[in-house]
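See below for the structure under consideration.
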Amino acid sequence: MTPLKERLVQLDVLRYNPDTDTEAHFQRYEVICHEEWVVLDALNKIKESIDPTLNYRWSCHMAVCGSCGMMINGEPKLSCHSFLRDYEGVIRVEPLTHFPVERDLVTAPDDFMEKLKRVKPYVIGKKKPIEEGEHKQTPAQLMKFRQYSMCINCMLCYAACPEYGLTPHFVGPAALTLAHRYNLDSRDEGRKERMEVVATAEGVWECTFVGACSEVCPAHVDPASALQQLKIVGSIDWIVEHLLPGGKP
Amino acid sequence: MAKSNKPVVWFPFAAGGTVIAFCMPVIVVLGFLAAVGRVPPGLSYEQLHAFASGGLGKLVLFGVIALSLWSSAHRLRCTCYDFGLRADTLIATLLYVAAIVGSIATAVFLLRI
């Protein structure tokens with residue numbers, strides 16, 4: 001077996017310690033890495049062999065858990081999914097933008113968690129006695145929402161969205177997409193409740209269809225398409241409520 | 001929080017976007033063809049003039065132009081917003097007024113044919 005190729009990788013990592021620093025600053029690390037490694041491997045090696053004080057989140061190392069999101073050369077990326085071979089020169093690693101930094105590359109996701117809760121991302125079920133068995137779903141009914149259920153809550157779309165950066169009240173791509181995912185579920189009856197949050201100015205109408213969310217999404221959820229579909233649903237609701245006789249405002 | 005009234009402006013925007021996507025590339029190609037003197041048969045000035053003289057023709061042309069204007073105005077408003085120009089009411093008013101003036105002008109010119 002041929003030995004794995006090695007390469008000296010330089011990383012500029014944004015450091016911030018809330019106990020001692022007044023401002024964040026870049027720190028340069030130089031570390032020997034295998035050519036096949038990802039940025040997360042380089043960070044792990046730095047932490048193991050150079051600087052144990054470096055902080056960042058990660059868990060699965062296979063683009064499933066969604067915890068290692070960070071800005072790599074200015075782009076929101078999963079560090080476990082960013083191969084070193086795709087980068088030349090010094091690699092700049094920063095915490096996800098649009099979120100408050102807790103320490104080094106660790107950001108506080110509280111705002112996203114609160115928004116996620118607001119859109120009720122769970123089946124608000126039809127009441128049916130348990131003896132009647134499970135709610136069955138055809139493959140066609142599943143396909144309607146399956147893509148939107150693949151979100152791993154990595155928040156890369158929030159870091160990519162210029163609207164979220166400019167208007168922090170915006171409910172944002174991932175949460176709205178999950179609202180759409182449950183609205184489309186044949187077992188669900190919670191659409192009306194969710195639209196009270198979705199169809200507001202801070203909801204889907206803050207979106208100007210930049211589309212950056214879909215470009216950075218590592219799970220190919222395409223949040224931008226979900227949001228445009230929500231706009232159509234919201235518009236039809238509006239017409240029913242305001243223009244049709246018997247429609248309730 | 002109350003539901004937004006944005007659908008009032010968004011629906012014509014979406015309709016205009018669809019119209020632009022389908023019609024504008026064709027119009028650009030036809031424009032180039034006309035410029036190099038290769039007008040496809042059936043699209044000569046006389047025939048298009050006759051099309052614009054009829055009631056249905058006027059309606060189609062008005063629909064295409066007015067919806068495209070509205071869509072462009074709304075898109076420009078969103079683009080300004082994306083670039084951080086947050087005087088949204090002023091920008092929206094200016095652009096929508098421009099679209100409405102353009103639409104009225106279209107109607108006037110069409111009715112004169």
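The values are calculated or read from the model by the stated rules, or taken from the named source; none is laboratory data. Since the model is a prediction, treat every value here as computed from it, not as a measurement. A quick note on method: Cβ atoms are made from the backbone with ideal geometry, for glycine too, and the neighbour counts reach across all protein chains shown.
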Answer yes or no: is there a residue in the stretch B:49-63 that is surrounded by 16 or more Cβ atoms within 10 Å (Cβ to Cβ), without any contact (Cβ under 8 Å) to a residue 12 or more places away in the chain and touching a Phe, Trp or Tyr at 6+ places or on another chain (Cβ under 6 Å).
yes
Is it true that some residue in the stretch A:75-83 is in contact with a Lys or Arg (Cβ under 9 Å, 6 or more places away or on another chain), over 30 Å from A:PRO3 (Cβ atoms) and buried (at least 17 other Cβ atoms within 10 Å of the Cβ)?
no
May I ask you to list the residues in the stretch A:138-157 that are surrounded by 16 or more Cβ atoms within 10 Å (Cβ to Cβ), polar (S, T, N, Q) and in a helix (DSSP H, G or I)?
A:GLN147, A:SER149
Quick one: in the stretch A:20-46, of everything that is in contact with a Phe, Trp or Tyr (Cβ under 6 Å, 6 or more places away or on another chain) and not in a helix (DSSP H, G or I), which residue is nearest to A:ILE91 (Cα to Cα)?
A:VAL38
For a quick check of your reading of the model, give me the residue pairs whose first member lies in the stretch A:117-146 and is farther than 17 Å from A:LYS192 by Cβ and touching a residue at least 12 places away in the same chain (Cβ under 8 Å), whose second is of a type in the set (Phe, Trp, Tyr) and assigned to a helix (DSSP H, G or I), with beta-carbon atoms closer than 9 Å and at least 6 apart or on different chains.
A:PHE145/A:TYR182
So A:LEU78 fits all but one of (1) in the same structural domain as A:ARG187 (by TED's automatic domain parsing); (2) touching a residue at least 40 places away in the same chain (Cβ under 8 Å); what number is the exception?
(1)
Taking the stretch B:1-48 as the search range and keeping residues that are polar (S, T, N, Q) and more than 14 Å from chain A (Cβ to nearest Cβ), which one is farthest from B:LEU61 (Cα to Cα)?
B:SER44
